[in-house]
1. Would you kindly give the portion of the calculated P(r) for chain B that falls above 45 Å, as a percent of all Cα pairs?
2. Distance in nm between label sites at A:PHE85 and A:GLU111, each 7 Å beyond Cα in the beta-carbon direction?
3. Report, to the nearest 10°, how far helix B:132-151 tilts away from the longest principal axis of the Cα atoms in chain B, using its own Cα long axis and a range of 0 to 90°.
4. Would any residue of segment B:36-59 have its amide N under 15 Å from a label point 7 Å out along Cα→Cβ of B:ALA509? List them or say none.
5. Nearest 500 deg cm²/dmol is fine: what mean residue ellipticity at 222 nm does chain B get from its DSSP H runs of n ≥ 4 alone, each adding -39,500 (n - 2.57), divided by its residue count?
6. Take each of the peptides B:316-326, B:492-502, average the number of other beta-carbon atoms within 10 Å over its residues, and list them starting from the highest.
7. With a cut-off of 8 Å between alpha carbons and a minimum separation of six or more residues, what is the relative contact order of chain B in percent?
8. Round to a whole angstrom and tell me the spacing of the C-alpha centers of segment B:244-277 and segment A:57-103.
Amino acid sequence: MELILSLGIGVLAGSGVWLLLRPRTFQVIIGLCLLSYAVNLFIFSTGGLRTGAAAILQRGEVGTLADYADPLPQALALTAIVISFATTALLLVVLLASRGLTGTDHVDGRERNR
Amino acid sequence: MNGWTDHLVIAPIVVPMLAGAAMILAGDRRRRLTVAIGSLSLLLIVALSILLLVQAQVPEVRIYRLGDWPTLFGIVLVADRLSALMLVLTGCLGLAAFVFSLARWHRAGVYFHPLFQFQLMGLNGAFLTGDLFNLFVFFEVMLAASYGMALHGSGVARVRAGLHYLTINLVASLLFLVGVSVVYGIGGTLNMADLAARIPLVAVEDRGLLEAGLAVMGVAFLIKAAMWPLGFWLPGTYAAAAAPAAAILSILSKVGIYAILRVWLLLFGPEAGASAGFGADWLLAGGLLTIGFGSIAVLATQDLPRLAGASVLVSSGTLLAAIGTGQVAVTAGALFYLTGSVLAIGALFLLIELAERSREVGADVLAVTREALGPGEDDGEGDAAEETGVAIPGILAILGLGFMACALLLAGLPPLSGFLAKFAILSPLLGTAPTPVATTTWLMMAALILSGLATLIAMVRAGIAVFWAPQAIRVPRVRVVELAPVLLLLALSGALTVGAGPALAYMQATAEALHAPGGYLRAVLGARTALPGGMP
């Protein structure tokens, strides 16, 4: 479980960083999305991982505080998802504006001289 | 929670939020109503923050628990001297930028005023919050509004710079989140005071991870503060932004400085055990490099808005280096410097826009070529005019004097507060130093003085090009609402110079409280009611 999750985060973050360093705005925006997925998973994982645990309570069991997953990382991930979603949408608008105004999708607004 | 005065702490966040919401409801077309709401809100914010500043003496730290939840479960706002100082600065700068925008900039695009209010809300929130995650949330509120402000007025240059600004700040936010979650994973809390109390107890094997998490978070702050090599985005973005937006953006870089001051001094103070002073060398070195880079940028630029952007870099570098020395008296000087530089840079951004109106398009390029090629053939014709002298119109004289004041403030020359600030930073460094003065102290001194020289050279050159040697003097049409905010900011700088004694005493008290955060911890944690069960 730990291995799968950390590999998942690593692959997402690695591809995100690679795409972020590319010269096209669309690649950058996808890179940012992948990075934010990686970060969200990472936040989620700080609450601790358990396999095969009941969602709320086992049948016939009296719940204790130790049985619950830590709710704070979930709240953090939720906030982070909303914020990164909104800012990515804004970035998309700026990307389109930049494409329209400069006529190129290069991040610097002009093609590199070859 | 007793009496309405307790709610004062949250008011600087609530007022702009309500004002912004009301403006959206009123609609962007009803300009007069929006402006009325905005003026009311800004006057309220200034009044409230001054009230908080006055009250910040007794008790030293005021806390506000939202919904009266026990401290560690609910959201805490903390107002101490540093917060109050930053709130007043934000309020004054906000008022100036708001009044300035009324002349014409607020018509350059939609929803300027609501965005402006949300910008103030984010800034005030970031200065008041007592836990790391809300710091992130208010950072985002502030940034989301600042994206709109940076792009206000649209145009190729703004969109191009805005794209970089957005991308870099999104990455910084992600780093902030990574840092926050590592800190939560190890420390088990996000409340800054609680975290500070827990840091000495962190197990040795976890300490490295915690420090790494905080370092990642620090990188996010340093991107805001534009430390070299994280600050290449800053001059371009600020230069491209509309004047009132640039003025308010200039305090955004100070939010990074504030966060460093608050979090770093709180968590890595002398009580932090093995982690005490973590990263001080990095701050000092980074600050010095930023000063160096900023000075080169100041010298290299011909264009006035970029010059102002580069001087933001110099002031960030100076602050970071001063904080990195980790001495109480130097921090006090740095706080004084911060106050002065916020006012001066804000005034400069507004002033530049007025001064640029007197120049023709492409005057920068002409100035450069004339400097490179020497005076051209138009010398002969100019003689007749030179004998009688060219009368400088009154408005240009006022602008020129304002520009001169900004130059003196930023370069740190007497008699204005810039000099006092640099003196307040350097004097304790030399005064308390052991007899062979450390190399870093010499470096710091050289950096501060040389950056002042670079700023002076660049400002004088720019001033001559704009005010004394224009190809054709065109008297700019400047309205009173545009001139008044510049004069207000400069008058505040003047007041800071005249009242330097009480101001420095306040900064000294602030710095002492920051370096010995016992009062802060007691105020926040002392309010903890008996907790049911054990905390994780």
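Coordinate-derived values only; no laboratory data. From a predicted model like this one, the values you see are computed outputs, not experimental measurements. Heads up, the Cβs are rebuilt from the backbone with ideal geometry, glycines too, and the neighbour counts pull from every protein chain shown.
1. 13
2. Taking the two extended label points, one gets 3.8 nm.
3. Between the helix axis and the principal axis of chain B, the angle is about 20 degrees.
4. Correct set: B:50-59.
5. -23500 deg cm²/dmol
6. With the highest mean Cβ count within 10 Å placed first, the list reads B:316-326, B:492-502.
7. Across chain B, relative contact order equals 16 percent.
8. What the calculation gives is 26 Å, centre to centre.
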